[in-house]
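The values are calculated or read from the model by the stated rules, or taken from the named source; none is laboratory data. Please read these numbers as outputs of a predicted model, since none were measured by experiment. All Cβ positions, glycine included, derive from the backbone under ideal geometry; neighbour counts span all protein chains shown. Please note that ligands, DNA and RNA were not included when accessible areas were found on the heavy atoms of the full protein model with its side chains. Shrake-Rupley method; radii C 1.70, N 1.55, O 1.52, S 1.80 Å.
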Amino acid sequence: MGTTASQLGKDLLSEYQELTFLTKQEILLAHKRFTELLTKDEKDLPNTRVSMERVLTLPELKSNPFRKRICYVFSTSEQKDGSLTFEDFLDLLSAFSDSATLEIKSHYAFRIFDFDDDGTLDCGDLEKLVNCLTGETDETRLTTEEMRQLINNILEESDIDKDGTVNLSEFQHVISRSPDFVSSFKIVL
Amino acid sequence: MDSEIQRQGSRNGYHGDQQSLRSRQVSSRVSNQNYPQFNWSSTPAEDDVEGSSEMPRDLRSSPLHMALKRAVRQVQQMQVPVVSSRESWKRNKAKSLRKLKDNTREFLYLFALWSKSLQKIGGNFGGGVQSFFLFLRFLVVLNFVSFLLIAGFVLIPSIVFRSVGTGLVNSTGPEECMEYDPNPQGLVLFYNYFLDLLSGTGFMEYSYMFYGYYNNTMVDDTNFSYNIPLAYLFTAVFYFAFCLIFIIARMGTAARVAVATGGSAVGNYSMIVFTSWDYGCLGDRATKLKQKNIHYRLQVDLEEEMIKKRAASLTTNQKVVLYALRVFMCLVAFGLIIGAFYGIFLATEFSQEKSGKEGILGLIFEYLPSIVITAGNFLVPLMCDQIALIERYAPSTTVIVALLRAVFLRLVSLGVLLFTLWRQITCDGNTESAECKLCEYNYNFYPCWETRVGQEMYKLTLFDLLINIAVLVLVEFPRRMVVDNWSNKLAQWVGRQEFVVSSNVLGLVYGQTVVWTGALFCPLLPLINTVKFIILFYCKRITLFNNCRPALKTFRSTTSTFFFLVVLLFGWSLATVVMVYSLAEIRPSMGCGPFRFFPNMWSIVPRSFSSLSETTEEFLFFIGSQAFSIPLFVLFCVVMCYFIALASVYGKSVALLRAQLKLEGRDKQFLVKQIEKLSRQLQIPQHTAGAGQ
């Protein structure tokens, strides 16, 4: 199972087409870009795992402020180091593809924003999220006062059961109201 | 090991109580879940008790990684469900239908125009600018398809049947009314060709371009008949209906979302924070830009909240002063707009009086209405912006108010131009006045008035394109060169140009409205417009990438697309009013065109119907009569009431469910507190026992 040599078998290709939202061309393009990341000897091994640093050299991910979180979320490695196999990479592209459903996109968005991986977005997660969105430099950060006001407003609007955190259903409730989300949660190679 | 992990998952996972047996057996490679890390792979695979024809789609939309999905699929495939042959046939059909849909979608992607360009624009300049270019592409496709429609039903039959065919109505009118000789007399100088190209006169006037060239003929063979005037009329009507359907279909998704989110509006902040990042941003510069953009939006919203709080705390005195000021400024803006309309009215009258002059001066007189409209559309919004500064609305309201004023100005100025033309053609609507008595229209000035209106629209279209190119070459490029090479305080203050989406979109809507108005009189106008919009796409793209800096304040993408289409519908309705009026009220010219000798253009329809069979005629009359339309109207009202009731029921159930969620959250907190209290009670005896030892 996994990729051998530099060619994808036909069965494997159709299996990937059934299990992901990607079209045949997109899968082949993903395979090409992924093998470019491998060194010469790694190309012959099946099921190679590429380290996070090398994955982050892809131009589509290089400047994304959530790049590390994306790698951690889609990685299936035991050491939780954010390394990706080709199938993890396909999972990533499938969730970010044009035809993925709103449910799966919002699910993965929630996991990406959950910086401490505890299943809910609490104040710490929200603060880190806002800092990623506005940039980490001093001039683009919000002041403490603004941040506090912002997080209060967010929790007031989206925390329906008033437990101080935003869980997955509340998150998906907010997302379902946004018409832009599906078109902006997209990475196309 | 597995069951323990699953039990841990069920303790801290909110989805834990819904685990299906299948995923538990199958998750052999569940990664080591350290408590308290959340166990995401315990989310259940979709229920496949019914329809495993839904199987592949469910697997795709289940958030498991590839290995898990593959294992689930294997298990599902091993299970051979006992189904009837009809069930399996249905499933196979559904599967092949889905495959066909996927394949068609892949095939259509090949034909998507300019998709790489659009992606690049979106990544570097944001969704708002990209939505402008998407709108432009939509209009190109719309115009091209409508041209194919017109070509197929009007142009090609006219070309083919030009020499064949008999005149439909054999009556004649007064001699003076039938005089129409558009061919240029005498020696034609070379530069006249160029002038004629720009103003649609001369060699262009008597050609397939304009209404006047089409003939009042009908071809009637043994087994084939084609009625050209009827085809012309029906094509024009169908063109409008087709454009309407196209636009509404496009509005479909956006409208559905907009209506569904009605009711309690989720506030801005969660929406901005959760959904505003654009993962398609490429490169450091675009990312930093997007971050600055989001920072700006959040600051603006927080500031607006504080302003609202402050505004709510104004004393009554201050409020009265503010509102009086706003009303006054509104009147001033309105006055400016009315002033612009009067200017257009005067310019059109002057231009029509002086028409027929030769040379460059004549060209300027011809283009005078277009010049005045463009100048008005440029100056008045500038002044309205200054007025808006005094009015001190909240920032979001200011943008909407400015846009509405600009839309009003553009479309109604076009309406004023048309109204002035109409006045001159029909002698102010007074068919008894001296000039209009003979032919019911002003035959001295307008031997073929439809062609003249078509020429006017053609000139507007062409002038719009020329102005865009001229501004590009003479204003935008020099501005960029000045700002880049001249490090002066003034140059820095002026800065590089910003790509303002709203005014560009209004320009497109204006151009499209002109084309719609003129399509009845100038059948080739959609083709010219297609070419114009393609040129415009490349020009705007060049100026975007070379001259513009990205705007800090951006438009929201999907809501803005909806807004663009609504504004386009305003333009469409203006054009429809013009078309209906021309079809029904004004007498067609007797010297030219396919409708000569008819009292009005629409009267060809009843006349042709008289050649149909008795039953068809009676059926059609019945549909048009009151006995049919009133019950139909009542039926529509009933259906609409049903949908309104349904919508309110859904809204109420949403509110009920939210309240229920709130209560459940409180129950959960109460239970957690109870658990803590109990565990503390249980632990305290242990402590005392432990301390005692």
Q. Which of the residues spanning segment B:372-405 are surrounded by 15 or more Cβ atoms within 10 Å (Cβ to Cβ) and under 18 Å from residue B:460 (Cα atoms)?
A. B:372, B:373, B:374, B:376, B:377
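Okay, residues lined up against (1) surrounded by 10 or more Cβ atoms within 10 Å (Cβ to Cβ); (2) modelled with pLDDT of 90 or more:
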| site | (1), (2) |
| --- | --- |
| B:642 | yes, yes |
| B:646 | yes, yes |
| B:662 | yes, no |
| B:665 | yes, no |
| B:671 | yes, no |
| B:674 | yes, no |
| B:683 | yes, no |
| B:686 | no, no |
| B:689 | no, no |
**Q.** segment A:127-159 - residue that is among the basic types (Lys, Arg) and not in a loop (DSSP other than H, G, I, E, B) and, of those, nearest to residue B:299 (Cα to Cα)
**A.** A:148
Q | Residue satisfying all of: in segment A:21-30; under 18 Å from the mean Cα position of the chain (by Cα) and either open to solvent by 40 Å² or more (accessible area, probe 1.4 Å) or modelled with pLDDT of 90 or more (or both); nearest to the other protein chains (Cβ to nearest Cβ) among these | A | A:26
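Condition check ((1) touching a strand residue (DSSP E or B) at 6+ places or on another chain (Cβ under 7 Å); (2) part of a helix (DSSP H, G or I); (3) under 24 Å from residue B:349 (Cβ atoms); (4) modelled with pLDDT of 85 or more) across all residues:
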position: B:462; (1), (2), (3), (4): no, yes, yes, yes
position: B:472; (1), (2), (3), (4): no, yes, no, yes
position: B:479; (1), (2), (3), (4): yes, yes, no, no
position: B:482; (1), (2), (3), (4): no, yes, no, no
Q) Counting only residues that are assigned to a helix (DSSP H, G or I) and among the hydroxyl-bearing types (Ser, Thr, Tyr), which one in segment B:438-460 is nearest to residue B:543 (Cα to Cα)? A) B:458
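Every residue, every condition in (1) open to solvent by 40 Å² or more (accessible area, probe 1.4 Å); (2) modelled with pLDDT of 80 or more, yes or no:
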{"position": "B:579", "(1), (2)": "no, yes"}
{"position": "B:582", "(1), (2)": "no, yes"}
{"position": "B:585", "(1), (2)": "yes, yes"}
{"position": "B:593", "(1), (2)": "no, no"}
{"position": "B:596", "(1), (2)": "yes, no"}
{"position": "B:602", "(1), (2)": "yes, yes"}
Q: Go through segment B:491-520 and count every residue that is in a helix (DSSP H, G or I) and at pLDDT 75 or above.
A: 18
Q: Out of the residues in segment A:71-95 that are facing chain B (nearest Cβ under 7 Å) and in a loop (DSSP other than H, G, I, E, B), state the one that is nearest to residue A:8 (Cα to Cα).
A: A:76
Q) How many residues, within segment B:279-300, are open to solvent by less than 40 Å² (accessible area, probe 1.4 Å), within 9 Å of chain A (Cβ to nearest Cβ) and within 24 Å of residue A:143 (Cβ to Cβ)? A) 6
Q: Output the number of the condition that residue A:126 fails; it satisfies all remaining conditions of (1) facing another protein chain (nearest Cβ under 10 Å); (2) at pLDDT 90 or above; (3) open to solvent by 10 Å² or more (accessible area, probe 1.4 Å).
A: (3)
(Q) Quick check on residue B:239: is it modelled with pLDDT of 80 or more and either away from chain A (no Cβ under 14 Å) or within 21 Å of residue B:125 (Cβ to Cβ) (or both)? (A) yes
Q: Please work out which residue is farthest from residue B:277 (Cα to Cα), limiting yourself to segment A:101-123 and to residues that are hydroxyl-bearing (Ser, Thr, Tyr) and at the interface with another protein chain (Cβ under 8 Å from one of its Cβ atoms).
A: A:101
Q) Do you know which residues across segment B:450-464 are open to solvent by less than 20 Å² (accessible area, probe 1.4 Å) and among the hydrophobic types (A, V, I, L, M, F, W, C)? A) B:453, B:457, B:460
Q: Considering (1) open to solvent by 10 Å² or more (accessible area, probe 1.4 Å); (2) within 27 Å of residue A:50 (Cα to Cα); (3) small (Gly, Ala, Ser), say which one residue A:109 fails and leave the rest.
A: (1)
Q: State all residues of segment A:143-166 that are at the interface with chain B (Cβ under 7 Å from one of its Cβ atoms) and open to solvent by 20 Å² or more (accessible area, probe 1.4 Å); if no residue qualifies, say none.
A: A:146, A:149, A:153, A:157, A:162, A:163
Q) within 8 Å of chain B (Cβ to nearest Cβ), in a loop (DSSP other than H, G, I, E, B), surrounded by fewer than 21 Cβ atoms within 10 Å (Cβ to Cβ) and among the acidic types (Asp, Glu): does that describe residue A:98? A) no
Q) For residue A:134, which of the numbered conditions (1) facing another protein chain (nearest Cβ under 8 Å); (2) open to solvent by 10 Å² or more (accessible area, probe 1.4 Å); (3) in contact with a Ser or Thr (Cβ under 6 Å, 6 or more places away or on another chain) fails to hold? A) (2)
Q: Please give the number of the condition residue A:183 fails out of (1) surrounded by fewer than 20 Cβ atoms within 10 Å (Cβ to Cβ); (2) within 7 Å of another protein chain (Cβ to nearest Cβ); (3) outside any helix (DSSP H, G or I).
A: (3)
Q | Checking residue A:140 against (1) at the interface with chain B (Cβ under 8 Å from one of its Cβ atoms); (2) surrounded by 17 or more Cβ atoms within 10 Å (Cβ to Cβ); (3) not basic (Lys, Arg), the condition it does not meet | A | (2)
Q) If you go through segment B:655-672 one residue at a time, do you hit one that is out of contact with any Asp or Glu (no Cβ under 8 Å at 6 or more places or on another chain) and away from chain A (no Cβ under 14 Å)? A) no
Q) Mind checking which pairs have a first residue in segment B:644-662 that is without any contact (Cβ under 8 Å) to a residue 12 or more places away in the chain and a second that is acidic (Asp, Glu) and surrounded by 13 or more Cβ atoms within 10 Å (Cβ to Cβ), Cβ under 7 Å, 6 or more apart or different chains? A) B:661/A:161; B:662/A:161
Q. Of all residues in segment B:310-325, which are in a helix (DSSP H, G or I) and open to solvent by less than 90 Å² (accessible area, probe 1.4 Å)?
A. B:311, B:312, B:319, B:322, B:324, B:325
Q) Is it the case that segment B:375-388 has a residue that's assigned to a helix (DSSP H, G or I), farther than 26 Å from residue B:346 by Cβ and modelled with pLDDT of 75 or more? A) yes
(Q) Any residue in segment A:26-48 that is free of Cβ contacts under 8 Å to residues at least 24 places away in the same chain sitting within a Cβ distance under 9 Å of a residue that is open to solvent by 60 Å² or more (accessible area, probe 1.4 Å) and small (Gly, Ala, Ser)? List the pairs, counting only those 6 or more apart or interchain. (A) A:32/A:6
Q) In segment B:58-142, which helices (runs of 4 or more DSSP H) lie fully inside it and hold 2 or more residues that are at pLDDT below 80 and either open to solvent by less than 30 Å² (accessible area, probe 1.4 Å) or under 24 Å from residue A:105 (Cβ atoms) (or both)? A) B:85-111, B:115-125
Q. Of the residues that make up segment A:50-62, is at least one at the interface with chain B (Cβ under 7 Å from one of its Cβ atoms), touching a Leu at 6+ places or on another chain (Cβ under 7 Å), open to solvent by 10 Å² or more (accessible area, probe 1.4 Å) and without any contact (Cβ under 8 Å) to a residue 40 or more places away in the chain?
A. yes
